[in-house]
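Trainee: Just passing along the structure, written as structure tokens.
The values are calculated or read from the model by the stated rules, or taken from the named source; none is laboratory data. From a predicted model like this one, the values you see are computed outputs, not experimental measurements. Backbone-built Cβ (ideal geometry, glycine too); neighbour counts: all protein chains shown. With ligands, DNA and RNA removed, areas are computed over all heavy atoms of the protein, side chains included. Shrake-Rupley method; radii C 1.70, N 1.55, O 1.52, S 1.80 Å.
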Amino acid sequence: MEIVKRPAPPTGLRRTLWRLPILLYRVGLGRLLGQRIMLLTHTGRVSGRPRRAVVEVVQHDERGYVAASGFGRRADWYRNVMATPEVTLHVGGRAVQATAAPVPEEQGAQIMAAYAPRPVSYTQL
């Protein structure tokens, strides 16, 4: 499959709307987002300050969580995590300390192929 055009990261009102789930986590309502959305707290690669991003969980097992970057390797959160891989994951009502690592492309393609046809379930609170 060939990707012809990659979407630009959201700006303005779209960016604000995309970041609303962060507010839900901050006020203690993260569990309302279920197990498919997690709050990723990481360190800014330039500022060194804590940063937050809400990302989609595409796989979770005993080894950890796999998240998808909708904007690929150029997403700020992805670049920050690659620079400083120690992160905190908030999934539902739980917080987990983790060390991030990139998934090899071949394995990532397999994970996404298995993830795409799964039905959405909002009952996993």
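Trainee: So how compact is the chain: Cα radius of gyration and Dmax in angstrom?
Mentor: Cα-based Rg and Dmax for the chain come out at 14.6, 41 Å.
Trainee: Once you sort the root eigenvalues of the Cα gyration tensor of segment 32-75 as a ≥ b ≥ c, which label holds: rounded (a/c under 1.5), prolate (a/b larger than b/c) or oblate (the other case)?
Mentor: Cα axes put segment 32-75 in the prolate bin.
Trainee: If you roll a 1.4 Å probe over the chain with all protein chains in place, what percent of the accessible area is carbon or sulfur?
Mentor: 57
Trainee: I would also like to ask the following. Would you mind finding the longest exposed-site-free stretch of the chain, with exposed GluC sites (Glu not before Pro) meaning DSSP loop and at most 11 other Cβ atoms within 10 Å?
Mentor: Between the exposed loop sites, the longest stretch runs 63-125.
Trainee: In whole Hz, what ³J(HN,Hα) sequence does segment 94-105 give by Karplus (6.51, -1.76, 1.60; θ = phi - 60°), x for Gly and Pro?
Mentor: Per residue, the Karplus-derived 3J(HN,Hα) values read 10, 10, 10, 7, 8, 10, 7, 8, x, 8, x, 3 Hz.
Trainee: Quick one: which residues, 5 or more positions from Ala68 or on another chain, have an amide H under 5 Å from its amide H? H modelled 1.01 Å from N in the peptide plane, none for Pro or chain starts.
Mentor: Distant-sequence amide H within range of Ala68: Glu56, Val58.
Trainee: Next up: Anyone know which of Thr88, Thr11, Thr43 comes out most mobile in the 10 Å Cα GNM of the chain?
Mentor: Maximum among the listed residues: Thr11.
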